[in-house]
Amino acid sequence: MAKDKNAPSKVEVAKVESAHLRGTIDEVLKDPSKDAFEHDDLQLLKFHGTYQQDNRDQRAPRRKEGLGKAYSFMIRVALPGGVVTAKQYLDLDAMADKYTYGSIRITTRQAIQYHGVIKDNLRQTIKSINESLMTTLAACGDVCRNVMASAPPFTDDIYTQIRATANEVAVDMAPKTGAYHEIWIDGERQTLTDEVEPFYGETYLPRKYKVGVTVMGDNQIDIYSYDAGLIGIVQDGKLIGYNVVAGGGLGLSHGRAATYAQIAYNVGFVAVSDGVQAIQNVASIYRDFGNRNDRKHARLKYLIGDKGIQWFQEEFKKRADFELHPFKEIPAVKNEDWLGLHKQDDEKFFYGVFVENGRIDDNEKTKCKSAFKKIVSELGCGVTFTAQQSLLFTGLSKNDLKRLEEILAEFEVPKVEELSNALRYSMACPAMPTCGLAVAESERAMPDVIRELGDKLESMGLGDTKLTVRMTGCPNGCARPYTADIAFVGRRPGVYHLFVGGRLEGDRMADLYAADMKVEDTISTLEPLLKKYAADRTDGEGLGDFYQRLLGRSERRLRVTGKEEATFDEVQPLVQLG
Ligand code: SRM
Ligand code: SF4
């Protein structure tokens, strides 16, 4: 029988039938004969902040031995604004040793992930996270995910308000079901007939909903990539309100023109006191009108794309009991990674350390896990995770700084001055072996690729260029590739689409430069462009900006679809002519 196009997707049905996200999770946790979950529970677990995965490196050898998959769990801890206390950081470090493959993975959205937690330890790990006053609730699933906030820990009124707003959004948008507490903390399932989810209802949102809060000029969190964002507007040194942006998103499917990555739309301006409500208002439109039958067309960007931004603004006004004013023009955005030493306020400092692809572990290159543990235990400093998969040690006194640098040196953790620009601004998603959607390597391939590229740039006199290089193992866009100067998007093992033309500021999409490129051809593919760039760039012009100039484009590119034409052939003559 033909599928009814208007029928709710399987996940929608699973949500309704789940008794507010309970499903049979508790029963399966208690059943020692099962090493994995099945069916609807696999979807429901995500709302609780965990994904069932299997080690993909072990699939083939295990199959040969007649064994099934080696199941384990990824756990994501939601940390609004990426902020943790010293005690929480040390607890996270200890839990990594006790329950996981041994690393803490900083995500591109200021959260952290654990990989490799076995089912027998799942409940205890999530319980321990909660005992340390953190949560995994809504870190994944069709709800408002971890709320991001610009990372620098400045204590002035503006940054204090930005962080407070992010925290309020996180509390306001958290699911209210008792299921999380029952399953992971009490360990007792209750039969509740009168429980309600006041905002989300039984079907929650059509898909994930990502939110960030920042201040004008500062795009440290890449705010145009999310479903909704607040950009603080400052006048005469005071925060006077927020520009609201909505409908950004970066996932697409190769070959499907109807799927696309999109820079967020400008919605309007609201008072500071209405910021949290504005985020809920955007979510309510999404909840009520978002597509619930095709999950590939369910993100907010498609709703706004299909109905238009004017429709969206009108709907926003209809629902709001506060004023939506016209969007305020803002100065050009900047993206600062805040690595190295910075003043936090009159007395304190903060110090940013680069973490390659966000992976905090001890390996043959660095021992950053041991270094960070020692820094936090000795200096008692706070930690803020950044949207560039790195971290800031916060609240440092002047006396702490020398010791901090000594510890970094002791464990061979590079200071920012020791990094090439290529490495400093690079990111890669986890991909193999944990991500079930990866079609190519990413985090494991990037270290070699980025060093080769960094050396090439250096040899061409381009070492001073501040450029973003990002890699993902599939087109879902987890390391935000489409807004980077250079990006590798996985097609199949060893083969990537190569994008060029975004920029660090995160407000413009790149072009597909070369399709289906073998990773070993990276340098030869980019060389003609790099040569032309070295010869013709203007003062301070980034590679992405230069490429857009070469293409003769005057407008910022706001969308990349799943079916792009490669521009390499188009540009080759221009490159050769130069
Ligand atoms: Fe992502 C799915 C990892 C940021 C778009 N993402 C996944 C999963 C859970 C794979 C899965 O569904 O089975 C990955 C887990 C891999 C693993 O082994 O850990 C995964 N995403 C990540 C992280 C850890 C990448 C990283 O390098 O840090 C990031 C976690 C962020 C967090 O703390 O919440 C992460 N994911 C992103 C971003 C970037 C961002 O938000 O800034 C995007 C693009 C922006 C967006 O959402 O549009 C992103 N992830 C996706 C998508 C595509 C969604 C879409 O609308 O098309 C998927 C697939 C899906 O949801 O079906 C996905
Ligand atoms: Fe997995 Fe693809 Fe996301 Fe990378 S981009 S983590 S391969 S879903």
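Taking interchain pairs and intrachain pairs at least six residues apart, which have beta carbon atoms under 9 angstrom, with the first residue in segment 237-259 and among the hydroxyl-bearing types (Ser, Thr, Tyr) and the second within 12 Å of ligand 1 (Cβ to nearest atom) and not in a loop (DSSP other than H, G, I, E, B)?
242/229; 253/296; 259/296; 259/297; 259/302
For segment 110-125, what are the residues that are within 16 Å of ligand 1 (Cβ to nearest atom) and buried (at least 18 other Cβ atoms within 10 Å of the Cβ)? Write out each step before concluding.
Of the residues in segment 110-125, the ones within 16 Å of ligand 1 (Cβ to nearest atom) are 110-118, 122, 125.
Within segment 110-125, 110, 111, 112, 113, 114, 115, 116, 117, 122, 125 meet the criteria.
Among the listed residues 286, 265, which satisfies the condition of being touching a residue at least 60 places away in the same chain (Cβ under 8 Å) and either among the acidic types (Asp, Glu) or in contact with a helix residue (DSSP H, G or I) (Cβ under 9 Å, 6 or more places away or on another chain) (or both)?
Working: 265 fails: touching a residue at least 60 places away in the same chain (Cβ under 8 Å).
Only one candidate qualifies: 286.
Where in segment 456-562 are there strands (runs of 3 or more DSSP E), lying fully within it, with 3 or more residues that are under 25 Å from residue 444 (Cα atoms) and touching a residue at least 12 places away in the same chain (Cβ under 8 Å)?
Counting at least 3 such residues, we get 469-472, 486-492, 495-500, 511-518.
I'd like to check which strands (runs of 3 or more DSSP E) are fully inside segment 61-144 and have at least 1 residues that are charged (D, E, K, R) and touching a residue at least 12 places away in the same chain (Cβ under 8 Å). Let's see the steps before the verdict.
Numbers: elements: 71-77, 104-106, 112-117.
Here the list reads 71-77, 104-106.
Say we look at segment 530-542 and pick out the residues that are out of contact with any helix residue (DSSP H, G or I) (no Cβ under 6 Å at 6 or more places or on another chain) and of a type outside the set (Gly, Ala, Ser); which of these is surrounded by the most Cβ atoms within 10 Å (Cβ to Cβ)? Outline the logic, then answer.
Step one: of segment 530-542, the residues out of contact with any helix residue (DSSP H, G or I) (no Cβ under 6 Å at 6 or more places or on another chain) are 530-531, 534-536, 538-542.
Subsequent filtering for residues that are of a type outside the set (Gly, Ala, Ser) retains 530-531, 536, 538-539, 541.
Values: 530: 20, 531: 14, 536: 12, 538: 8, 539: 4, 541: 15.
The residue in question is 530.
Restricting attention to segment 396-414, and to residues there that are assigned to a loop (DSSP other than H, G, I, E, B) and in contact with a helix residue (DSSP H, G or I) (Cβ under 6 Å, 6 or more places away or on another chain), which single residue is nearest to residue 353 (Cα to Cα)?
Residues of segment 396-414 assigned to a loop (DSSP other than H, G, I, E, B): 397, 411-414.
Within this subset, residues satisfying the condition of being in contact with a helix residue (DSSP H, G or I) (Cβ under 6 Å, 6 or more places away or on another chain) are 411, 413.
Numbers: 411: 13, 413: 8 Å.
Restricting to residues being assigned to a loop (DSSP other than H, G, I, E, B) and in contact with a helix residue (DSSP H, G or I) (Cβ under 6 Å, 6 or more places away or on another chain), the top hit is 413.
Going by what's in this entry, would residue 494 be described as at pLDDT 95 or above, crowded, with 16+ Cβ neighbours inside 10 Å and on the phi > 0 side of the Ramachandran plot?
Values: at pLDDT 95 or above: yes; crowded, with 16+ Cβ neighbours inside 10 Å: no; on the phi > 0 side of the Ramachandran plot: yes.
In short, no.
What are the residue pairs meeting all of these: first residue in segment 25-49, first residue more than 15 Å from residue 120 (Cβ to Cβ), second residue in a helix (DSSP H, G or I) and among the small types (Gly, Ala, Ser), Cβ atoms under 6 Å, and 6 or more apart or on different chains?
40/14; 43/14
State which residue pairs qualify: first residue within 15 Å of residue 231 (Cβ to Cβ) and inside segment 307-329, second residue among the aromatic types (Phe, Trp, Tyr) in any location, beta carbons under 9 Å apart, and separation of 6 or more residues or different chains.
Taking only residues 6 or more apart or on different chains, the pairs are 324/269; 324/316; 325/269; 326/269; 327/269; 328/269.
Looking at residue 57, is it out of contact with any strand residue (DSSP E or B) (no Cβ under 9 Å at 6 or more places or on another chain), within 16 Å of ligand 2 (Cβ to nearest atom) and in a helix (DSSP H, G or I)?
Working: out of contact with any strand residue (DSSP E or B) (no Cβ under 9 Å at 6 or more places or on another chain): yes; within 16 Å of ligand 2 (Cβ to nearest atom): yes; in a helix (DSSP H, G or I): yes.
Taking the combined requirement at face value, the residue satisfies it.
Name the single residue that is nearest to ligand 2 (Cβ to nearest atom) among those in segment 92-122 being charged (D, E, K, R) and within 19 Å of residue 363 (Cα to Cα).
So the first thing to find is which residues in segment 92-122 are charged (D, E, K, R), and the list is 93, 97-98, 105, 109, 119-120.
If we keep only those that are within 19 Å of residue 363 (Cα to Cα) as well, we get 93, 97-98, 105.
On the way: 93: 23, 97: 24, 98: 25, 105: 11 Å.
If we take residues in segment 92-122 being charged (D, E, K, R) and within 19 Å of residue 363 (Cα to Cα), then 105 is nearest to ligand 2 (Cβ to nearest atom).
Just name the residue that is surrounded by the fewest Cβ atoms within 10 Å (Cβ to Cβ) out of those in segment 285-321 that are more than 16 Å from residue 261 (Cβ to Cβ) and within 14 Å of ligand 1 (Cβ to nearest atom).
Result: 294.
Out of the residues in segment 71-92 that are among the hydroxyl-bearing types (Ser, Thr, Tyr) and farther than 11 Å from residue 383 by Cα, state the one that is surrounded by the most Cβ atoms within 10 Å (Cβ to Cβ). Before you say what the answer is, go through the steps one by one.
Residues of segment 71-92 that are among the hydroxyl-bearing types (Ser, Thr, Tyr), as a first pass: 71-72, 85, 89.
Restricting the remaining residues to those that are farther than 11 Å from residue 383 by Cα gives 71-72.
Working: 71: 15, 72: 23.
Once the filter is applied, the top-ranked residue is 72.
Consider residue 196 carefully, then state whether it is aliphatic (A, V, I, L, M), surrounded by fewer than 17 Cβ atoms within 10 Å (Cβ to Cβ) and either on the phi > 0 side of the Ramachandran plot or in a strand (DSSP E or B) (or both).
Working: aliphatic (A, V, I, L, M): yes; surrounded by fewer than 17 Cβ atoms within 10 Å (Cβ to Cβ): yes; either on the phi > 0 side of the Ramachandran plot or in a strand (DSSP E or B) (or both): no.
For residue 196, the condition - aliphatic (A, V, I, L, M), surrounded by fewer than 17 Cβ atoms within 10 Å (Cβ to Cβ) and either on the phi > 0 side of the Ramachandran plot or in a strand (DSSP E or B) (or both) - is not met.
Sort through 241, 201 and tell me the only one that's assigned to a strand (DSSP E or B) and more than 30 Å from residue 515 (Cβ to Cβ).
Details: 201 fails: assigned to a strand (DSSP E or B).
Checking each option against the conditions leaves just 241.
Among the residues of segment 470-485, is there at least one that is in contact with a helix residue (DSSP H, G or I) (Cβ under 8 Å, 6 or more places away or on another chain), among the aromatic types (Phe, Trp, Tyr) and either within 27 Å of residue 220 (Cα to Cα) or more than 16 Å from ligand 1 (Cβ to nearest atom) (or both)?
no
Considering every residue within segment 456-463, establish whether at least one is surrounded by 19 or more Cβ atoms within 10 Å (Cβ to Cβ) and near ligand 2 (Cβ under 10 Å from one of its atoms).
There is no residue in segment 456-463 that is surrounded by 19 or more Cβ atoms within 10 Å (Cβ to Cβ) and near ligand 2 (Cβ under 10 Å from one of its atoms).
Name the pairs: first residue in segment 197-217 and touching a residue at least 40 places away in the same chain (Cβ under 8 Å) and farther than 11 Å from residue 288 by Cα, second residue crowded, with 18+ Cβ neighbours inside 10 Å and of a type in the set (Gly, Ala, Ser), Cβ to Cβ under 6 Å, at least 6 apart or on different chains?
Here the result reads 207/298; 209/283; 211/228; 212/229; 213/149; 213/166; 214/150; 215/232, each pair linking segment 197-217 to a residue that is crowded, with 18+ Cβ neighbours inside 10 Å and of a type in the set (Gly, Ala, Ser).
Just name the residue that is nearest to residue 527 (Cα to Cα) out of those in segment 437-455 that are outside any loop (DSSP other than H, G, I, E, B) and within 15 Å of ligand 1 (Cβ to nearest atom). So that I can check it myself, show each step before the final result.
The initial filter retains those residues of segment 437-455 that are outside any loop (DSSP other than H, G, I, E, B), namely 446-455.
Filter once more, keeping what is within 15 Å of ligand 1 (Cβ to nearest atom): 446-447, 450.
On the way: 446: 18, 447: 19, 450: 15 Å.
Filtering first and then ranking leaves 450.
Going through segment 393-450 one residue at a time, which ones are touching a Gly at 6+ places or on another chain (Cβ under 8 Å) and more than 16 Å from ligand 2 (Cβ to nearest atom)?
393, 394, 395, 415, 416, 417, 420, 421, 422, 423 - these are the residues of segment 393-450 that are touching a Gly at 6+ places or on another chain (Cβ under 8 Å) and more than 16 Å from ligand 2 (Cβ to nearest atom).
Taking segment 209-219 as the search range and keeping residues that are outside any strand (DSSP E or B) and more than 12 Å from the chain's Cα centre (by Cα), which one is surrounded by the most Cβ atoms within 10 Å (Cβ to Cβ)?
First, pick out the residues of segment 209-219 that are outside any strand (DSSP E or B): 210, 216-217, 219.
If we keep only those that are more than 12 Å from the chain's Cα centre (by Cα) too, we end up with 216-217, 219.
Working: 216: 20, 217: 14, 219: 26.
The qualifying residue surrounded by the most Cβ atoms within 10 Å (Cβ to Cβ) is 219.
Might you let me know whether segment 332-343 holds any residue that is of a type in the set (Phe, Trp, Tyr), at negative phi and within 25 Å of the chain's Cα centre (by Cα)?
Initially, segment 332-343 is screened for residues of a type in the set (Phe, Trp, Tyr), giving 338.
Still in the list and also at negative phi: none.
Checked against the condition, which is being of a type in the set (Phe, Trp, Tyr), at negative phi and within 25 Å of the chain's Cα centre (by Cα), segment 332-343 yields no hits at all.
Any residue that is among the aliphatic types (A, V, I, L, M), under 23 Å from the mean Cα position of the chain (by Cα) and within 23 Å of residue 332 (Cβ to Cβ) - is there at least one of those in segment 264-283?
Yes, there is a match, as at least one residue in segment 264-283 is among the aliphatic types (A, V, I, L, M), under 23 Å from the mean Cα position of the chain (by Cα) and within 23 Å of residue 332 (Cβ to Cβ).
Looking at segment 415-436, which of its residues are part of a strand (DSSP E or B) and of a type in the set (S, T, N, Q)? Give the derivation first.
The first filter runs over segment 415-436 and keeps only residues part of a strand (DSSP E or B), leaving 426-428.
Residue satisfying the conditions is 426 alone.
The values are calculated or read from the model by the stated rules, or taken from the named source; none is laboratory data. Since the model is a prediction, treat every value here as computed from it, not as a measurement. So basically every Cβ, Gly included, is an ideal-geometry build from the backbone, and we count neighbours across all protein chains shown.
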